[in-house]
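For reference, the structure is listed below as structure tokens.
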Amino acid sequence: MNLSDSLTRGQQDSATSRRPLVRVSAAEAVLADLRSEIEAGSVPVGGKLPSEAALAARYGVSRSVVREALRSCAALGLTQTHTGKGTFVVSARATGDLVLGRYSARDLTEARPHVEVPAAGLAALRRTDEDLATLKGIVAETAAEDDPAARVALEAVFHGTIAKASGNRVFEDVLSDLREALAHQSETLNLLADRQAASDREHEEILEAIEAGSAERAEAAMARHLAAVDEAVERLGQR
């Protein structure tokens, strides 16, 4: 199988029946194929996946694309990667709760509103001009970033910067601790739930409220963003 940077899913079924054409990324196509193999038992539980280099050669993509797909396989609870040993299948079915390193999606869903909503409100009241410039730079850089790993890292930094701008060290430390999990979650949702464009818009709304100095608007915008993330996570768990 050879994949270009993006593929078309939903080709014409017949001369008289057509389905909409949907562009999917190479990483999504690799993930779909690996997931299909695992769920079909072609790679049994306990079995080892081919190396990144071998998978890249198989699919005709870069190793960064393979790494993105493998991280999402792990987030779905299908695989675990052990440094120096490889990636192993640990389940033939995706878990209902994303595995995000030390934390799960449920952990984040339950905790984030209690931290990030008030942090956004305080940031609107306490942010400095430097904080605002940093947030604007992150939003602009995220929108222009093509590399998925770099993009989700920026999204996590955005949330951490808001916590820092709140002036509350507890909020700042909590978001710093969550940064890796937030990046893993964003990457999986961008890949499987098409959250990238919506996330950009939601971040812009949060930024606008913080710039306006409105704690109420900032809290509401952050709450909407977190609710949208939670809804996307829940949909993935139902697949």
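Taking the accessible area of the range 128-239, probe 1.4 Å, and keeping the other protein chains in place, the carbon and sulfur fraction comes to 47%. Model label sites at A144 and E204, defined 7 Å from Cα along the beta-carbon direction, differ in position by 1.6 nm.
Using a 10 angstrom cutoff on alpha carbons, build the Gaussian network for the chain and name the most mobile of A149, A212, A223. Between A149, A212, A223, it is A212 that shows the largest mean-square fluctuation. Note on the chain: with a GNM built from Cα contacts shorter than 10 Å, the maximum mean-square fluctuation among E130, E205, E68 falls on E130.
Counting only protein heavy atoms, what percent of the accessible surface of the range 35-124 is carbon or sulfur at a 1.4 Å probe?
Exposed carbon and sulfur together represent 53 percent of the surface.
Quick one: if the Förster radius is 22 Å, what FRET efficiency do K85 and A53 give, using the C-beta to C-beta distance and rounding to 0.05?
Details: r = 15 Å, r/R0 = 0.69.
The computed FRET efficiency comes out at 0.90.
The 3J(HN,Hα) values that the Karplus relation (6.51, -1.76, 1.60; θ = phi - 60°) gives for the range 207-219 are, in residue order, 4, 4, 5, 5, 4, 6, x, 9, 4, 4, 5, 5, 5 Hz. Gly and Pro appear as x. Between amide H atoms placed 1.01 Å from N, distances below 5 Å from T79 occur with A74, V90, all of them 5 or more places distant or on a separate chain.
Label zone (E39, point 7 Å along Cα-to-C-beta; backbone nitrogen cut-off 18 Å) within the range 173-209: 188-194.
So, with +1 on the Cβ of K and R and -1 on the Cβ of D and E, and no other charges, what is the size of the charge dipole of the chain about its Cα centre, to the nearest 20 debye? Display every interim value, and only then the final one.
Values: 28 positive and 37 negative charges, 188 e Å.
So the dipole magnitude of the chain works out to roughly 900 debye.
Estimated at the nearest 10 Å², the accessible area of F171 is 30 Å² with a 1.4 Å probe. Springs join every pair of Cα atoms under 10 Å in this Gaussian network model of the chain, and among V45, V117, V30 the largest mean-square fluctuation is at V45.
Summary of the geometry: the range 73-99 and the range 196-219, compared by the centres of their Cα atoms, lie 34 Å apart.
Would you mind computing the Rg to Rh ratio of the range 121-199 from its alpha-carbon coordinates, Kirkwood style for Rh?
Working: Rg = 12.8 Å, Rh = 12.9 Å.
That ratio equals 0.99.
So with the 1.4 Å probe, I'd like the accessible area per residue for the range 37-190, rounded to whole Å².
Details: 7190 Å² over 154 residues.
Per residue, the range 37-190 has an accessible area of 47 Å².
The values are calculated or read from the model by the stated rules, or taken from the named source; none is laboratory data. If you're wondering where the values come from, they're calculated on a predicted model, not measured in any experiment. Don't worry about glycine lacking a Cβ; one is built from the backbone with ideal geometry, like all the others, and counts go over all protein chains shown. SASA here: full protein model, heavy atoms, side chains in, ligands and nucleic acids out. Shrake-Rupley method; radii C 1.70, N 1.55, O 1.52, S 1.80 Å.
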